[in-house]
1. In chain B, carbon and sulfur make up what percent of the accessible area (probe 1.4 Å)?
2. I'm a student and want to see the number: the projected area of the Cα convex hull of chain A, averaged over all directions, in nm².
3. What are the extents of the Cα atoms of the range B:1-43 along their three principal axes, listed from largest to smallest and rounded to whole Å?
4. Determine the share of chain A's accessible area contributed by carbon and sulfur atoms, expressed in whole percent, with a 1.4 angstrom probe.
5. From largest accessible area down, sort B:Lys58, A:Lys41; use a 1.4 Å probe on the protein chains.
6. Charges only on Cβ, +1 for Lys and Arg, -1 for Asp and Glu: so what's the dipole of chain B about the Cα centre, in debye to the nearest 20?
7. If R₀ is 41 angstrom, what is the calculated FRET efficiency for the pair A:Ser89 and B:Val83, using the beta carbon separation as r and rounding to 0.05?
8. For the interface of A with B, what's the total buried accessible surface in square angstrom, probe 1.4 angstrom, rounded to the nearest hundred?
Amino acid sequence: GAVVSQHPSWVICKSGTSVKIECRSLDFQATTMFWYRQFPKQSLMLMATSNEGSKATYEQGVEKDKFLINHASLTLSTLTVTSAHPEDSSFYICSARWPSGVNEQFFGPGTRLTVL
Amino acid sequence: AQSVAQPEDQVNVAEGNPLTVKCTYSVSGNPYLFWYVQYPNRGLQFLLKYITGDNLVKGSYGFEAEFNKSQTSFHLKKPSALVSDSALYFCAVRDKGEYGNKLVFGAGTILRVKS
């Protein structure tokens, strides 16, 4: 089956620093990847859609200058949380869209970010 | 826009009993519906999907879901619950995005199976 990995699985950083999270599709090429944010006991909120070779599309209310997304290849998208603050602490999940058919999404295991 | 609703925050079931996790949808056109499961501090795992065809869809881990057009529902079911089924379950519907299709998730339902 399709496998999506995320790295790191958890990260703790100081306020004001930047953190990069990687999302990789391991056995298929994904022109489109998605980044979600999930607060405790809540649903997934789509932050942005990442397209290989073009700018990401951000959902309303998501700061594009704070959450930088780069989709440099068909198997890798990165999310950089710039100048992180404690309120950015959350569980970040990526998914990669299967390139054909129903275009279902396969999800990574998530990254737990804690900003001190 | 397409949407799904999960009316129950939590469902409690005894091990061995049948379980149902409810989902209703609101779409224009034909719905593409999905169920995902999430274990603590993990990403989402795909359980099953409905695109077209039989209203009863069979998925992973013994789960199935019944698509009911008249009731606009897509409830997740399992004949005999296991303690290991305890997790957070999300219903989702495919929606159109600027760059193609995207998923819209329900709020999630916590399933607790007690032995």
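The values are calculated or read from the model by the stated rules, or taken from the named source; none is laboratory data. These numbers come from a predicted model, not from an experiment. Ideal geometry is used to build each Cβ from the backbone, glycine not excepted, and the neighbour counts take in all protein chains shown. Calculation scope for accessible area: heavy atoms of the full protein, side chains included, ligands and nucleic acids excluded. Shrake-Rupley method; radii C 1.70, N 1.55, O 1.52, S 1.80 Å.
1. Values: 2640 of 5670 Å².
Reported share for carbon and sulfur atoms: 47 percent.
2. On the way: hull surface 27.9 nm².
So the Cα hull casts an average projection of 7.0 nm².
3. 38, 25, 16
4. Working: 2970 of 5510 Å².
About 54 percent, which is the carbon plus sulfur part of the accessible surface.
5. Numbers: B:Lys58 150, A:Lys41 185 Å².
From most accessible down to least: A:Lys41, B:Lys58.
6. Dipole magnitude for chain B comes out near 100 debye.
7. Numbers: r = 31 Å, r/R0 = 0.75.
My answer for the efficiency is 0.85.
8. On the way: alone 6440 and 6570 Å², together 11180 Å².
In total, this chain pair buries about 1800 Å².
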